[in-house]
Amino acid sequence: MSTAEPEQLEAVDVVDELVPPAGEEIHLPGGSILPLTVAIGITLTVIGTTIWWVWSLLGFIIFAVSTLLWIRDTRHEVDSLPEDHHH
């Protein structure tokens, strides 16, 4: 069995600090259709500039509402995290 070099031991200590302890739950956001609706709103806005202004207006409304809902949902998810995860 070989002994570890001091540099290797320091690297292990750094990795141990970055890796969450075993058993700690990792938070992943839930699925959402909001990114898709934001993309659709932006697409309609751009297409409407060349085809018909009503498409741009409809696209901007979809974009604005979807973005506000996405921000609201993200704030709720961040608020539901444990206190030690807030920075």
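Quick check on segment 34-87: of everything there that is of a type outside the set (A, V, I, L, M, F, W, C) and outside any helix (DSSP H, G or I), which residue is farthest from the chain's Cα centre (by Cα)?
50
I need the full set of residues from segment 44-87 which are touching a Phe, Trp or Tyr at 6+ places or on another chain (Cβ under 6 Å) and exposed (fewer than 11 other Cβ atoms within 10 Å of the Cβ), in order please.
Listed by number, the list is empty, since nothing qualifies.
Values in this text are rule-based calculations from the coordinates and carry no lab data. Note that the coordinates shown come from a computational prediction; the quantities given were computed from them, not determined experimentally. Cβ atoms come from the backbone with ideal geometry, glycine included; neighbour counts cover every protein chain shown.
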